[in-house]
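Comments concern the structure below.
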Amino acid sequence: MDTSYNGSESMKSVGDVPSLSDRVLRLLHEIRDDISEQNAVRNEVWVTFPRQEQAISYQKEHSNVFIFSYQDHVNGQRRFVVSSYKEFWRRYKNMNPKYRHHYEVIQEGLPCHLYFDLEFNKIENSNSNGEEMVDILLSLVFDSINEKYSIEGDKECVVELDSSTEEKFSRHKIICFPNTAFKNNRHAGAFVGEV
């Protein structure tokens, strides 16, 4: 007698009462479905930690998760989130814009893209043109990376985040060359030092 139950066939029973083995098989099938649903939910991780070391430890135990940091808007303390990119983006895009001050933690020893945090006080530097300075920097970076590594780059490679205010010029530039990353922060820093 075949005792497998796939959930779509009717159960074998004596009269109208399902046999004990049929009820057990149905229960096991339901448990399997519940576990599958729970595992699907677990793939979308979002866990917060007060310390970076805790976030790193958690990340090492899970695959396809990354560490992000933000400043808690209530108490001002730095917090760390471990999440998949998909779950991070799902939550981030629905977040109140005034709380969207997160950044990905670039861990030592891991591959990274070039990134720049460009800031100056507009009042103290009223003669400075931030847009022009950014354009000059990008031009230097593209020329240098082409000269040193024969990699072509243009503004399509640049992700720009603007956090400027009336008093402060603040741009965050991430340069993502196609299919290319630096071995780690030190290599990226050495390249920037040469520019």
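The values are calculated or read from the model by the stated rules, or taken from the named source; none is laboratory data. Predicted model only: the values in this text are computed from it and were never measured. Note that each Cβ is placed from the backbone with ideal geometry, even for glycine, and that neighbours are counted across all protein chains shown.
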Exercise. Restricting to strands (runs of 3 or more DSSP E) lying wholly in the range 46-151: which have 3 or more residues that are surrounded by 13 or more Cβ atoms within 10 Å (Cβ to Cβ), at negative phi and not hydroxyl-bearing (Ser, Thr, Tyr)?
Worked result: 46-49, 66-71, 78-83, 114-121
For this session: Return a yes/no flag: does the range 146-154 have any residue that is at pLDDT below 95 and under 25 Å from the mean Cα position of the chain (by Cα).
Result: yes
For this session: Tell me, please, whether a residue that is among the aliphatic types (A, V, I, L, M) and either surrounded by fewer than 15 Cβ atoms within 10 Å (Cβ to Cβ) or without any contact (Cβ under 8 Å) to a residue 24 or more places away in the chain (or both) can be found in the range 166-181.
Result: yes
